[in-house]
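The values are calculated or read from the model by the stated rules, or taken from the named source; none is laboratory data. This structure is a prediction, so every number in the text was calculated from the model and none was measured. Cβ atoms come from the backbone with ideal geometry, glycine included; neighbour counts cover every protein chain shown.
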C-alpha cells in the first residue's frame with residue numbers, strides 16, 4: 001500500500017545502498033552506437049534528417065551572431081531528454097526526467113553560463129535588455145525589477161515544466177492502473193483502451209517536452225548577445 005502518492009517515483013533499486021535507478025539515464029547509449037558502426041539504415045537516415053532540421057531551427061533562433069557549432073549543445077540536450085522521457089514509459093524503468101534532481105542540474109548550469117557570458121561580454125546589451133523598448137519613464141524601475149525576477153526564475157521554470165509534465169502523466173497512468181483489481185470485466189476493457197490512449201498521449205508529451213526544453217534554452221541563449 002502506498003503511503004504517499006508520489007512514492008512510486010522514489011528510487012528503490014539499490015545494491016550496497018547505491019541507487020541503480022539513475023542508470024536508466026544511460027540506457028539510451030545502448031541504442032545510439034549501432035548507428036555509427038552499422039551500414040546506414042532507414043532509422044539512421046531519419047535520425048540524421050531530424051538532426052539537420054533541429055540544427056537549422058536552432059541556428060535561426062540563435063541568429064547570425066551565434067558561434068559555429070553552438071547548436072550542437074541544444075541538439076544534444078533534446079536527444080538526451082527525448083531518450084529519458086521515452087525510457088520512462090517502459091515498465092519498471094525509472095523515469096529520471098520526472099525528478100528535479102536531473103532537470104534542475106541541467107537547467108541551472110546552462111542558465112548560469114548564459115548569464116555569465118552575457119554580463120561579461122555584452123554588459124551594455126544586458127542592461128538595455130532589462131527595459132523593453134517603448135517603456136514609459138515612470139515604469140522603467142518596475143520593469144527592471146520584473147525582468148530581473150523573470151530572468152532569475154528561468155532555470156526553475158525550465159526544470160519544473162519538464163518534471164511536472166512527466167510526473168503528471170505517469171501519476172494518471174498509475175492511479176488508473178491501481179483501480180483495475182476492483183473493476184468488473186466490462187469496465188476493465190474500457191480501462192485498457194483509456195490506458196493505451198494515455199500512453200499515446202505520453203509518447204507525444206515526451207517529444208514535445210524535450211523540444212520545449214531545448215527551444216527555451218536556445219531562446220535564453222540568444223538573448224545574451
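Just wondering, is there one or more residues in the stretch 80-102 that are touching a helix residue (DSSP H, G or I) at 6+ places or on another chain (Cβ under 8 Å) and under 18 Å from residue 224 (Cβ atoms)? Steps first, answer last, please.
In the first step, residues of the stretch 80-102 are kept if they are touching a helix residue (DSSP H, G or I) at 6+ places or on another chain (Cβ under 8 Å); the result is 80-89, 93-100, 102.
Okay, now just the ones that are also under 18 Å from residue 224 (Cβ atoms), so none.
So far as the stretch 80-102 goes, no, none of its residues is touching a helix residue (DSSP H, G or I) at 6+ places or on another chain (Cβ under 8 Å) and under 18 Å from residue 224 (Cβ atoms).
Among the residues of the stretch 41-51, is any surrounded by 14 or more Cβ atoms within 10 Å (Cβ to Cβ), under 30 Å from residue 121 (Cβ atoms) and at pLDDT 80 or above? Give the steps one after another, and end with the answer.
Step one: list which residues in the stretch 41-51 are surrounded by 14 or more Cβ atoms within 10 Å (Cβ to Cβ), which gives 44, 47, 50-51.
Among the residues that remain, those that are also under 30 Å from residue 121 (Cβ atoms) are: 51.
Then keep just the ones that are at pLDDT 80 or above; that gives 51.
Yes, the conditions are met somewhere in the stretch 41-51.
Consider the stretch 61-82. How many of its residues are modelled with pLDDT of 85 or more and more than 23 Å from residue 157 (Cβ to Cβ)?
Here the count works out to 1.
From (1) surrounded by fewer than 20 Cβ atoms within 10 Å (Cβ to Cβ); (2) modelled with pLDDT under 85, pick out the condition that doesn't hold for residue 113.
(2)
Results for (1) part of a helix (DSSP H, G or I); (2) under 30 Å from residue 171 (Cβ atoms); (3) free of Cβ contacts under 8 Å to residues at least 60 places away in the same chain, shown as yes or no for each residue.
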site	(1), (2), (3)
55	yes, no, yes
64	no, no, yes
74	yes, yes, no
84	yes, yes, no
90	no, yes, yes
106	yes, yes, yes
113	yes, no, yes
120	yes, no, yes
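Suppose the filter is within 28 Å of the chain's Cα centre (by Cα) and more than 21 Å from residue 213 (Cβ to Cβ); does residue 128 pass it?
Working: within 28 Å of the chain's Cα centre (by Cα): no; more than 21 Å from residue 213 (Cβ to Cβ): yes.
Answer is no for this residue.
Which residue pairs have Cβ atoms under 6 Å apart, sit 6 or more places apart or on different chains, and have a first residue in the stretch 125-141 that is without any contact (Cβ under 8 Å) to a residue 40 or more places away in the chain and a second that is assigned to a helix (DSSP H, G or I) and surrounded by 12 or more Cβ atoms within 10 Å (Cβ to Cβ)?
Short answer, once both residue conditions are applied: 130/144; 130/147; 131/140; 131/143; 135/143.
Quick check on the stretch 116-126: of everything there that is surrounded by 14 or more Cβ atoms within 10 Å (Cβ to Cβ) and touching a helix residue (DSSP H, G or I) at 6+ places or on another chain (Cβ under 6 Å), which residue is modelled with the lowest pLDDT?
Residue satisfying both the conditions and the ranking: 126.
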